[in-house]
């Protein structure tokens, strides 16, 4: 299984100038050893589409609406994202869950909209520090995945990527140890295996949480880590490419 590296932390830390520079670096780099995608903010999706037109680098969006269309001011539908050339969409990021109170049911609805447009849904799951300290890490992630596992078909799962992002390691400089990350990835794969052995084998499970080039190789050496949803390091083209090379 080829590793998937997503530059996912542009968030609101981008401009036309910095986005153009990062995309140019990616287009001109040798990243043939893995699959790479970038998730720029909505205003720069057209720039990504143009910059990556002749590149193997894919691009996606950081979120989408759970509705197909209608009077939802400020929302962007999955169909709109597909229309501009996006092939992936991030859903369930911890910041959306916390700041916008997004529930597991809402994450499922968004994933279904994405899959209906033949795009890949990158679904984020992960526990807070309090949940980990209380011994609830696996229970939390199991609950976050339960609706997806019960409601999505095996065909739909072929276009789903899971990103495990321990909330306590996002933007904090802290990183789960390779052993901690592997343990949760193995747990997630076990959950997938309860539905289908093939599903467990084919689903890519990424680690997200302050990934840096210094820690990437050891993380990627773990048997159930299939790539990374890269945070702040994705804003530095050299650092992100070093992670890709790992």
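Just one of (1) more than 25 Å from residue 35 (Cα to Cα); (2) buried (at least 21 other Cβ atoms within 10 Å of the Cβ) fails for residue 130. It is (2). Can you tell me which residues in the range 35-62 are touching a helix residue (DSSP H, G or I) at 6+ places or on another chain (Cβ under 6 Å) and part of a loop (DSSP other than H, G, I, E, B)? Answer for the range 35-62, where residues must be touching a helix residue (DSSP H, G or I) at 6+ places or on another chain (Cβ under 6 Å) and part of a loop (DSSP other than H, G, I, E, B): 40, 55, 57. Pairs are defined by a Cβ separation below 6 Å, a sequence spacing of at least 6 or placement on different chains, a first member in the range 45-64 that is in contact (Cβ under 8 Å) with a residue 40 or more places away in the chain, and a second member that is part of a loop (DSSP other than H, G, I, E, B); the pairs so defined are 45/84; 60/39; 60/86; 62/39; 64/76. Screening the candidates 125, 141 for the property of being crowded, with 21+ Cβ neighbours inside 10 Å and within 14 Å of the chain's Cα centre (by Cα) yields one hit, 125. Look at the range 173-186 and say how many of its residues are surrounded by fewer than 18 Cβ atoms within 10 Å (Cβ to Cβ) and not in a loop (DSSP other than H, G, I, E, B). Residues that pass the stated criteria total 5. For the range 211-228, the set of residues classified as surrounded by fewer than 22 Cβ atoms within 10 Å (Cβ to Cβ), in contact with a helix residue (DSSP H, G or I) (Cβ under 6 Å, 6 or more places away or on another chain) and either touching a residue at least 60 places away in the same chain (Cβ under 8 Å) or outside any helix (DSSP H, G or I) (or both) consists of 212, 222, 224, listed by residue number. Is it the case that the range 191-199 has a residue that's part of a loop (DSSP other than H, G, I, E, B) and farther than 21 Å from residue 103 by Cα? Within the range 191-199, one or more residues are part of a loop (DSSP other than H, G, I, E, B) and farther than 21 Å from residue 103 by Cα. Scanning the range 148-170 for residues that are touching a strand residue (DSSP E or B) at 6+ places or on another chain (Cβ under 6 Å) and more than 14 Å from residue 121 (Cα to Cα) gives a single hit, 165. The set of residues from the range 171-191 being in contact with a strand residue (DSSP E or B) (Cβ under 7 Å, 6 or more places away or on another chain) and either touching a residue at least 40 places away in the same chain (Cβ under 8 Å) or closer than 13 Å to residue 220 by Cα (or both) comprises 181, 184, 185, 188. Any residue in the range 20-30 that is part of a loop (DSSP other than H, G, I, E, B), under 27 Å from residue 1 (Cα atoms) and modelled with pLDDT under 95? Yes, that holds for at least one residue. Considering the range 27-45, the residues that are more than 26 Å from residue 224 (Cα to Cα) and touching a strand residue (DSSP E or B) at 6+ places or on another chain (Cβ under 8 Å) include one that is surrounded by the fewest Cβ atoms within 10 Å (Cβ to Cβ), namely 42.
Of all residues in the range 183-195, one or more are under 17 Å from the mean Cα position of the chain (by Cα) and more than 16 Å from residue 127 (Cβ to Cβ). Without any contact (Cβ under 8 Å) to a residue 12 or more places away in the chain, surrounded by fewer than 20 Cβ atoms within 10 Å (Cβ to Cβ) and more than 30 Å from residue 238 (Cα to Cα), is that true of residue 196? For residue 196, the condition - without any contact (Cβ under 8 Å) to a residue 12 or more places away in the chain, surrounded by fewer than 20 Cβ atoms within 10 Å (Cβ to Cβ) and more than 30 Å from residue 238 (Cα to Cα) - is not met.
If the condition is being surrounded by fewer than 20 Cβ atoms within 10 Å (Cβ to Cβ) and within 17 Å of residue 121 (Cα to Cα), then the range 67-86 contributes 67, 68, 76, 77, 79, 80, 82, 83, 84, 85.
The values are calculated or read from the model by the stated rules, or taken from the named source; none is laboratory data. What you see is a predicted model; the values in this text were computed from it and never measured. Please note: Cβ atoms are built from the backbone with ideal geometry, for glycine as well, and neighbour counts cover all protein chains shown.
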